[in-house]
Amino acid sequence: MDIEKEQVGDAHVVTAHGRLDGIYSTAFANEVGALISGTHPKILIDFTDIDHVTSAGLRAVLILVKKAKASGGVFALCGVNEQVREILDTSGFDAMFSIYPGRAEGIAALKA
């Protein structure tokens, strides 16, 4: 898994590539978790290039959501494909954070 991080205004935008599974979930949670600091962090994860998420990947996302909310922050996803969206919907995770169709919509929502 490759992870790219960039600052867009006061939001951190993370683009992940590959699979979010047991092999990569801890590294993903650690790298993104390091961005969740201070008060009211804004995190947007671009899942456009994530083709598969396992239960370990869901756990990593849950850890990040909880950390962001504990800091009074905002956590959102964008670019989630149909297969991954179904996993998020079935697990109930879609009710925990916003999911935007694309990166531009996600960034705009975080700026609001």
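So the values come out like this:
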{"item": "Most fluctuating residue given options LEU62, LEU44, LEU20, as computed from a GNM of the chain linking Cα atoms under 10 Å", "result": "LEU62"}
{"item": "Choice from ILE43, ILE99, ILE23 with maximal GNM fluctuation in the chain (Cα, 10 Å cutoff)", "result": "ILE23"}
{"item": "Listed residues ALA70, THR26, ALA104: farthest to the positive end of the dipole of the chain (Cβ charges)", "result": "ALA70"}
{"item": "Helix axis angle, 55-70 relative to the chain longest principal axis, alpha carbon, degrees", "result": "20"}
{"item": "Whole-number accessible area per residue in Å² for the chain, which is evaluated in the context of all protein chains at 1.4 Å", "result": "50"}
{"item": "Distance in nm between pseudo-label sites at GLN83 and ALA104 (7 Å out along the Cβ direction from Cα)", "result": "2.7"}
{"item": "Heavy-atom accessible area ranking, 1.4 Å probe, most first, across SER71, SER37, SER25", "result": "SER37, SER71, SER25"}
{"item": "Beta bridges per DSSP with both ends in the stretch 1-93, % antiparallel, nearest 5", "result": "35"}
{"item": "Of all accessible heavy-atom area on the chain, the percent that carbon and sulfur account for (1.4 Å)", "result": "52"}
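The values are calculated or read from the model by the stated rules, or taken from the named source; none is laboratory data. Computed from a predicted structure; not experimentally measured. Methodologically, a virtual Cβ is constructed for each residue, glycine included, from the backbone with ideal geometry; neighbour enumeration extends over all protein chains shown. For accessibility, only protein heavy atoms count, side chains too; no ligands or nucleic acids. Shrake-Rupley method; radii C 1.70, N 1.55, O 1.52, S 1.80 Å.
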